[in-house]
Amino acid sequence: MKQVVQNYKSGELALLDVPVPGCKPDGVLVRTAFSLISTGTELMKVSEAGMSMLGKARSRPDQVAKVVQSVATNGVPATYRKVMGKLDSYTPLGYSLCGVVEQVGAGIDDVKVGDLVACAGNEHALHAELNWVPKNLYAPVPDGLAPRHAAFGTVGSIALQGVRQGESRLGEVALVIGLGLIGQLVVQLLTASGVRVVGVDPDPARCELAERLGAATCGDPASAAVEATVAELTDGHGVDQVYLAAGGASNQPVELAARLSRDRGRVVDIGKCRLDLPWNAYYEKELDVRFSRSYGPGRYDPAYELEGRDYPIGYVRWTERRNLACFLDLVARGRVDVEPLVSHVADFDDAVETYRSLKDGELKAVAVLFRYPEHTAEAAAPEVTVPAVKRSGAQVPTAARAVKSPVRLAFVGAGNYATSMLLPHLAQRDGVELSTVVTTTALSAANAQRKFGFARATTDLDAVLGDKSVDAVFVVTRHSSHADLTRKALLAGKTVFVEKPLALTEDELAGVLAAVEESGNDRLQVGFNRRFAPLLQEAKKRFGARTGPANLRYLVNAGRLDHGSWYLQQGTEGSRFAGEGGHFIDTASWLLDADPVSVYAVAAPGNDDLQVVLRYPDGSTATISYVTTGAPGFPKETLDLVADGKVLRLDDFVRSSLFFDGKAGRKRWVSSRLPKARDKGQSAELAAFVKAVRTDGPMPVPLESLVATTAATLAVQAGLAGGAPVTLAGAR
């Protein structure tokens, strides 16, 4: 097998062939899927190895003291041979990974072969294809947690132990100095605990990332704005806790900690920074200085780590292993989001070059993952199933099937999109009656009733679903509730219009289709409105039928979300792309007249930018560039479709163009609209939906297409987690 090693004497890094470790009792043999580079601890070790002997001595005075003691005991020649022998040998790197249990040793009964586990330890969770891991240094990965995210377990435990040492309490204010990997995790853990956080780092990009992940404000250590914010948040008293997550030789962190702490505040050292405490400053405030020892109680205790002797929970609540399991649970439940921290994912075969790029500063990163060959091979053809649409022979209740005039509509949800993009098109439409609006708060229902003329406003969903006079139900709520509300409305026999996304998981999608099969009611439309846009409709018609495969490029300049937007609640509402990516996949599939058969997705480091490549049955491809870091003044959506010597161009639903070669030479057709008349198809989509309800005609978009688009959107997240193309099994 292969393992990353380093020669501390020469500084050489190598990917070495080494024997496979044996599976000893009281532990498991784990095949690594992803391992995480600690860009702080490991890079410090790599940098030290490249120093001269004098430089090494200066950086490790503790080891120099041991050498001096050895000289006094054993003499110079023996000590020299011992030191040189130790330096001129390969040492391992790595201590945080996720992998699959390949063998189970005697005495292990909590995991089995094939289970996914997160592993810890600088002797057991190495950058290697296989590792033997003792019982107290692994924890099972919760269902649904991606292996690349579980690989953060050990580093997350370090941050978690530091937060525990700070004894944070609800409503307190904390200062995090150093916003590298550990600092970013500390920010999220504190925020999840109800603590307001101020971050400090000289890197503006890291400050911005920490603010996106929950910090109240972040800035340069010398910034007056940081001190002003601390004063404002604490009424001038100073922060309750300071977490030193910085490294280096500067004494600035401990001096800043003293200046911004309140009287009798707590200062927790997590990183490895200079600790020349200014005596007067710390004495006068009687600051409580604490150290956080790695992953938690049990660390460096051979009886715990190697022999598997646990500490009784009644005496030691949070051990190394319990911290590891706790952090994995927090990530699985969305309380901590590690995906924005992933700056780069490298193939394990490129490990040496990756370290060199990090050391030389070519690769700027918060977190870097190694993806292992076996994992890549297994993930080369992951699948997301496109469920087959099954319809029972049962008849849909008359209330949903009868031809109606007027068509009576009920709205579940009356948020910004419903009130700005849907209801204005329906309120004045002939043959439509806005029957009932349902919201969770009475005031929002009353506001919608007053503004758009609903006959009734209520907070009782069951009353609407049981109302036989209601012909169709619009589901315009937060993303996490779409699938369940759609399922209930279908079972109640209603025609349903649900805003995207239809579902956030494969299980949710399966639940919707189970309702279709059980009820025989397939009267469903998802709010994929762009295919109804007049400019695109006309442009597609002029483009005509294709004879060969096409290439489609779709640039979505999505922009940044406002701080506090519920779209950022990925733990409950899904990723931003999961929420609106279906729009762009549906548009591409409609233009190409097919459903995708595979999806490949790549995320840009440190933000929500994505590249999604869709492959279609005839060889056509569609590339969706979904970016949040573009200029606000640039158009939001631009699209190019190239095939058969023709190019269709869409400029943000303001202008569409078709370039082609005609009999008289090159030709160009252009259809323009003024910006104020930008039309993304909502009105036409709603007209088609109302017509289908009124006439009992076919739904505007076949259910099979809606399902395929939803499955492809779900495959994007699966592809990001697995790092490989995802096959859409069962795609038409």
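Table for the structure above
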| quantity | calculated |
| --- | --- |
| Segment 1-41: relative contact order in percent, alpha carbon pairs under 8 Å with at least 6 residues between | 28 percent |
| Those chymotrypsin sites (Phe, Trp or Tyr not before Pro) in segment 307-364 that DSSP places in a loop and that have at most 15 other beta carbons within 10 Å | 315 |
| Under Karplus coefficients 6.51, -1.76 and 1.60, residue-wise ³J(HN,Hα) of segment 620-628 in Hz, glycine/proline x | 5, 10, 10, 10, 10, 9, 9, 10, 10 |
| Built amide H within the under 5 Å cut-off of residue 261, gap 5+ | 239 |
| Principal-axis tilt of helix 153-166 within the chain, Cα atoms, nearest 10 degrees | 70 degrees |
| Distance histogram for segment 245-391 (every C-alpha pair counted, 5 angstrom bins, percent rounded to whole numbers) | 2, 7, 9, 10, 12, 16, 17, 12, 7, 4, 3, 2, 1, 1, 0, 0 |
| Rounded to whole Hz, the Karplus (6.51, -1.76, 1.60) HN-Hα couplings of segment 516-529, x for glycine and proline | 4, 5, 5, 8, x, 9, 10, 7, 9, 10, 9, x, 8, 8 |
| Other-chain or far-sequence residues with amide H under 5 Å of residue 242's (modelled H) | 175, 266, 267, 268 |
| Antiparallel %, DSSP beta bridges [both residues in the chain], to 5 | 55 percent |
| Rg followed by Dmax, in Å, when the chain is reduced to its Cα trace | 29.7, 103 |
| For the chain, cysteines whose Cβ has no other cysteine Cβ within reach (under 4.7 Å) | 23, 98, 119, 273, 326 |
| Low-density loop cleavage sites - trypsin sites (Lys or Arg not before Pro) in segment 469-555, where at most 14 other Cβ are within 10 Å (DSSP) | none |
| Protein-only accessible surface order, largest first, of 38, 405 at 1.4 Å | 405, 38 |
| In order through segment 137-151: 3J(HN,Hα) via Karplus (6.51 cos²θ - 1.76 cosθ + 1.60), integer Hz, x for Gly, Pro | 10, 9, 8, x, 7, x, 4, x, 7, 5, x, 5, 7, 5, 5 |
| Label point at residue 167 placed 7 Å out along Cα→Cβ; residues across segment 314-342 whose backbone nitrogen lies under 11 Å | none |
| Cut-off under 5 Å, modelled amide H: who pairs with residue 525 long-range | 496, 497, 498 |
| Semi-axis lengths, Å, segment 112-218, gyration tensor of Cα atoms, sqrt of 5 times eigenvalues | 30, 15, 13 |
| Degrees separating the helix 181-192 axis from the principal Cα axis of the chain, which is the longest one | 60 degrees |
| Nearest-ten-degree value, helix 351-360 long axis tilted from longest Cα axis of the chain | 80 degrees |
| Whole-number accessible area per residue in Å² for the chain, which is evaluated in the context of all protein chains at 1.4 Å | 43 Å² |
| With every protein chain in place, the chain: carbon and sulfur % of accessible area (1.4 Å) | 53 percent |
| Cut-off of 10 Å, at most 10 other beta carbons, DSSP loop: longest stretch of the chain lacking such GluC sites (Glu not before Pro) | 363-732 |
| Charge context of residue 614, other residues only, Cβ under 12 angstrom, K/R +1, D/E -1 | 0 |
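The values are calculated or read from the model by the stated rules, or taken from the named source; none is laboratory data. Everything numeric here is computed off the predicted structure, so don't read it as measured data. Backbone-built Cβ (ideal geometry, glycine too); neighbour counts: all protein chains shown. Remember, those area values only see protein heavy atoms, side chains included, never the ligands or the DNA or RNA. Shrake-Rupley method; radii C 1.70, N 1.55, O 1.52, S 1.80 Å.
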